[in-house]
Amino acid sequence: MQPIGFIRSGFPEKFGIPRQAGLVSEASASLELLPPFDTPEAVRGLEGFSHIWLIFVFHAHLESGWKPTVRPPRLGGNKRLGVFATRSPFRPNPIGLSAVALERTVTQNGHTVLHLRGTDLLDGTPVLDIKPYVPYADALPEAQGGFAAERPQPMVQVDFTPEASACCRDLESEGYSRLEKLIRQVLENDPRPAYQATRPGKQNFGMRLFDLELRWRAEKKRVTVVSIRKVAT
């Protein structure tokens, strides 16, 4: 197999990426198709679909191998389940599947880019295929969801220090659209490993988002963003 294109997203590191597609509606990305798959003919008719399936490679885990059992974050990291009962990236064949919103398809000078929202993808992810999401066949309201039967609710309250809030406003005026809402959605889902989320006392964390470094303080069910700064890329 060969990639048909690569993802460009605001998540240059694994830490902080939404654990499922659709959890963070503000998480946007683009899929830059490669020749010869980037012709307008290859995506003709795709604009009629609101969502698409992406089949991709967990490229950051290629050297990690697979594990027969894993600890799903949804269960607090305290219970082991079979890898095939989870969406862990540590698989025999490190292939992922995500349903994402298709905002628009842009073709310029014969080169096609798909603009996406609600993504859960690391920057640089190789995409193997695109399939349209077909509601009558793909949406199964009677299906059972096992240990992940319901959409997770926000796990923590997110606050900003006055300095971090002011920095957000400045960055949004520079073109970082809806940055504060994106940060809130990412941190509400508590990206910390489960074993850290249950530790008592204050904890300090950081993550990369686009070319920004976020620093926040976590205490029980509250997270406070303390700083946002640009970093060299």
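Tell me, what ³J(HN,Hα) does each residue in the stretch 213-226 have, in order and in whole Hz, if you take phi through Karplus 6.51 cos²θ - 1.76 cosθ + 1.60 with θ = phi - 60° and put x for Gly and Pro?
10, 9, 10, 9, 10, 10, 8, 6, 9, 10, 10, 10, 6, 9
With only alpha-carbon atoms counted, please give the Rg and Dmax of the stretch 154-233, in Å.
12.5, 38
Taking 0.36 nm per residue of sequence separation and subtracting the Cα-Cα distance, how much length would be gained by fully extending the chain between residue 140 and residue 62, in nm to one decimal?
Stretched out fully, the residue 140 to residue 62 stretch lengthens by 24.9 nm.
With no solvent and one equal point scatterer per Cα, compute the Debye intensity ratio I(q)/I(0) for the stretch 51-95 at 0.15, 0.22 Å⁻¹ and report its log10, rounded to two decimals.
Computed log10 I(q)/I(0) values: -0.41, -0.77.
Beyond 23 Å, what percent of the Cα pairs of the stretch 64-163 remain?
Result for the distance tail: 49 percent.
When the convex hull of the Cα atoms of the chain is projected onto a plane and the area is averaged over all directions, what value comes out in nm²?
Mean orientational projected area (the chain, Cα hull): 14.4 nm².
Enumerate the residues in the stretch 123-141 having an amide nitrogen under 20 Å from the point lying 7 Å beyond the Cα of residue 2 toward its Cβ.
Inside the label zone: 124-131.
Counting helices only, and only those DSSP H runs with n ≥ 4, report the 222 nm mean residue ellipticity of the chain as the sum of -39,500 (n - 2.57) divided by its residues, in deg cm²/dmol to the nearest 500.
Helix-only estimate at 222 nm: -3500 deg cm²/dmol.
With r as the distance between the Cβ atoms of residue 172 and residue 25 and R0 = 22 Å, compute the FRET efficiency 1/(1 + (r/R0)^6) and round to 0.05.
Between residue 25 and residue 172 the formula returns 0.80.
Order 131-139, 19-27 from most to least packed using the mean count of other Cβ atoms within 10 Å.
19-27, 131-139
Please give the contour-minus-distance gain from residue 194 to residue 232: 0.36 nm per residue of separation, less the Cα-Cα distance, rounded to one decimal in nm.
That works out to 10.6 nm of additional length.
Would you please give the residues with an amide H less than 5 Å from that of residue 227, counting only those at least 5 places away or on a separate chain, with H modeled from the backbone geometry?
215
If R0 is 22 Å, what FRET efficiency do you get for residue 165 and residue 203 from their C-beta distance, rounded to 0.05?
E between residue 165 and residue 203, to the nearest 0.05, is 0.55.
Using a Förster distance of 30 angstrom, determine the FRET efficiency expected from the C-beta separation of residue 108 and residue 147, and round it to 0.05.
FRET efficiency, residue 108 to residue 147: 0.10.
Excluding ligands, DNA and RNA, what is the solvent-accessible area per residue of the chain at a probe of 1.4 Å, expressed in Å²?
Ligands and nucleic acids excluded, the result is 57 Å² per residue.
In terms of modelled amide H atoms, which long-range or inter-chain residues lie less than 5 Å from the amide H of residue 69?
Result for residue 69 returns 83.
Over the stretch 1-119, calculate the relative contact order: mean separation of alpha carbon pairs under 8 Å at least 6 apart, over the residue count, as a percent.
Reported as a whole number, the value is 36 percent.
Where the accessible area of the chain is counted over protein heavy atoms with a 1.4 Å probe, how much of it, in %, is carbon and sulfur?
Carbon plus sulfur share of accessible area: 52 percent.
Count neighbours as other Cβ atoms within 10 Å of each site's Cβ, and list the GluC sites (Glu not before Pro) in the stretch 128-195 that are DSSP loop with at most 14 such neighbours.
Here the sparse-neighbourhood loop sites are 142, 150, 174.
The values are calculated or read from the model by the stated rules, or taken from the named source; none is laboratory data. Here the structure is a predicted model, which is why all the values come from computation and not from measurement. Quick reminder, even Gly has a Cβ in these numbers, built from the backbone with ideal geometry, and neighbours come from all protein chains shown. Surface accessibility is based on the protein's heavy atoms, side chains included, excluding ligands, DNA and RNA. Shrake-Rupley method; radii C 1.70, N 1.55, O 1.52, S 1.80 Å.
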